[in-house]
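Take a look at the structure below.
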Amino acid sequence: MVPGLWYVRLRRDGATASGHRVPAVAEPPDGRVRVEETRRREPRPGSGTSAGEEPKEPAELGKQGVPHAPD
């Protein structure tokens, strides 16, 4: 088994979804931080990927899935 994190999520319908995810940290040439993650559901079939990057400028905070505090 590849090292990573196990997760369990409670869905809106009350059922659970569980699986395994493996994060990897990368550094693009411009020096920012990028986190890439692969997920695999268990025991049902399914998989996916996601990625998040450090914003280039502070004005980008709150865009593209970067959490921010409401005004």
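Quick note: the coordinates plus some simple rules give every number you see, no bench work behind them. Computed from a prediction, not measured in an experiment: that's the story for all the values here. Note: ideal-geometry Cβ built from the backbone for every residue, glycine included; neighbour counts use all protein chains shown.
Tabulated data
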quantity: Rounded if a/c under 1.5, otherwise prolate or oblate - the range 5-54, Cα gyration tensor axes; calculated: prolate
quantity: Trypsin sites (Lys or Arg not before Pro) lying in DSSP loop within the range 7-52, provided at most 12 other Cβ fall within 10 Å; calculated: 11, 12, 32
quantity: Pair residue 10, residue 44: separation of 7 Å Cα→Cβ label points (nm); calculated: 1.8 nm
quantity: Distance in nm between pseudo-label sites at residue 56 and residue 18 (7 Å out along the Cβ direction from Cα); calculated: 4.3 nm
quantity: Placed amide H near residue 19: partners under 5 Å, 5+ positions off or other chain; calculated: 7, 42
